[in-house]
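Have a look at the structure below, then the notes.
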Protein chains: 2
Amino acid sequence: MNLSLNDIRQKFRDCGLKSTPQRASIYQALVNSTAHPTAEDLFAQVSPTYPMLSLNTVYYTLTVLGAAGLVHEVNIGHDRARYDANLSPHHHVICQGCQDIIDVMDSRLDSLAPPTGLPKDFDITSYQVAFRGYCGACRQSQKSIATSPSGQHPVSSYRRIVWARV
Amino acid sequence: MNLSLNDIRQKFRDCGLKSTPQRASIYQALVNSTAHPTAEDLFAQVSPTYPMLSLNTVYYTLTVLGAAGLVHEVNIGHDRARYDANLSPHHHVICQGCQDIIDVMDSRLDSLAPPTGLPKDFDITSYQVAFRGYCGACRQSQKSIATSPSGQHPVSSYRRIVWARV
DNA sequence: TGCTACATAGTAATCATTCCTAAACAGGAA
DNA sequence: TTCCTGTTTAGGAATGATTACTATGTAGCA
């Protein structure tokens, strides 16, 4: 996207939000990213400019921006929250290896019929398609694990078994 | 579904899993539920029968069953993991009020075209549609908040602002 | 310029989940 | 049937993301 700080100040004003340097920087970092960063990612990105910045503030800012509708939380798992300032309708492709998220804007996905068999009084407000799979790099490393000479399945390391999320 | 403990023992054997009473009970509780319970829910459900059961065991069991492909994790947010033993292809409707999840089996959703604009070497293995909205009960309570005489927006309580997940 | 409510930062608390360890047990071998 | 071995279980401790609390700072309005 690439909004200037001035654009952002204006946007905040339009939404009735106070504009502070920290808040603007956090939002700018998010708007200018397509990587769906975590709170920690944003913190790391903005920290050099605002060394006193608290991770707490990042969380608070994301909450406020979320309530204002400027930011969405992206669900790819229960582990940690990732954020997105892309407000145009879109969907996601998630690599199950590196957990990278790629935006998908495919108009064919924008008009799915509401599902059948729901309780009558259920009110659908939005939907999203999450595609899962493996990016090129992760397919490579998968293959090398599958054919590794040891044949040792990585499951042995206690708990960290990864399975296909649904 | 309603599998007997014997069916389950057989299923475990087929998958090369040891069958223990705890494991079978946890799996049975999950298979017989459509509520997509959390680990804690399952723990609460099985605990009366096995008072010594540890929540730890529930997590370990879910991990093992997941690796065996008998169980899937359902993502509706980053907060806590919910589980599903329904292996037939299906999608979900999530109430943003009570966080209830309803299974949707609508064959029209089972053959979406792969999205355009992906890197060539990305390998899509599955996808899922998540519909969001509000169930009848939650629509009612929403309405009563919106028209409440105080007009107080619930945002005031510090951090717990809930916004539409994407 | 001064006031006031909201924002920030620091620290502490919370809570789901994972890790570690010793004891118990399932399932195959003798 | 009994024994052995590796897996499973339970308990307690640790981790890590997120939230809560609180004092101080500051944006934006009068």
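Ranked from shortest, the separations from the 7 Å Cα-to-Cβ label point of A:Gly69 to its equivalents in the other copies are 4.5 nm.
Here is the tail figure for segment A:5-134: Cα pairs spaced more than 27 Å apart come to 29 percent of all pairs. Put the Cα centre of segment B:24-63 next to the Cα centre of segment A:78-104 and the gap is 30 Å.
Distances between copies of B:Ser107, taken at a point 7 Å out from Cα along the Cα→Cβ vector and listed shortest first: 3.0 nm.
Taking every residue in B:58-65, how many Cβ atoms of other protein chains lie within 10 Å of its Cβ, on average? Present the calculation step by step, with values, prior to reporting the outcome.
Numbers: counts 0, 1, 3, 0, 2, 7, 3, 2.
If you average over the peptide's residues, the count of other-chain Cβ atoms is 2.
For A:Thr125, inter-copy separations between label points set 7 Å beyond Cα along the Cβ vector come to 3.4 nm, shortest first.
With R₀ fixed at 25 Å, the C-beta to C-beta distance from A:Cys98 to B:Tyr59 puts the FRET efficiency at about 0.55.
Summarising the label geometry, the points placed 7 Å from Cα in the beta-carbon direction at B:Leu3 and A:Met105 lie 4.5 nm from one another.
Shielding of A:103-115 by partners, i.e. mean partner chain Cβ atoms within 10 Å per residue? All intermediate terms of the calculation are to be shown ahead of the outcome.
Numbers: counts 2, 5, 3, 7, 1, 4, 6, 0, 0, 7, 3, 5, 13.
Across A:103-115, the average partner-chain Cβ count within 10 Å equals 4.
Can you tell which of A:Ala81, A:Val129, A:Val46 lies farthest toward the positive end of the dipole of segment A:5-134, using +1 and -1 charges on the Cβ of basic and acidic side chains (Lys, Arg; Asp, Glu)? Ranked along the dipole, the leading option is A:Val46. One chain, two ends: B:Leu112 and B:Met52. Fully extended at 0.36 nm per residue, the span grows by 17.0 nm beyond their Cα-Cα distance. In this calculation the C-beta distance from B:Ser88 to B:Ser141 is compared with R0 = 25 Å, giving a FRET efficiency of 0.15. Tell me, what is the FRET efficiency for B:Ala67 and A:Asp121 to the nearest 0.05, using R0 = 45 angstrom and their Cβ-Cβ distance as r? The formula returns an efficiency of 0.70 here.
Values in this text are rule-based calculations from the coordinates and carry no lab data. Computed from a predicted model, the values in this text were never measured in an experiment. Reconstructed Cβ throughout: ideal geometry from the backbone, glycine too, with neighbour counts over all protein chains shown.
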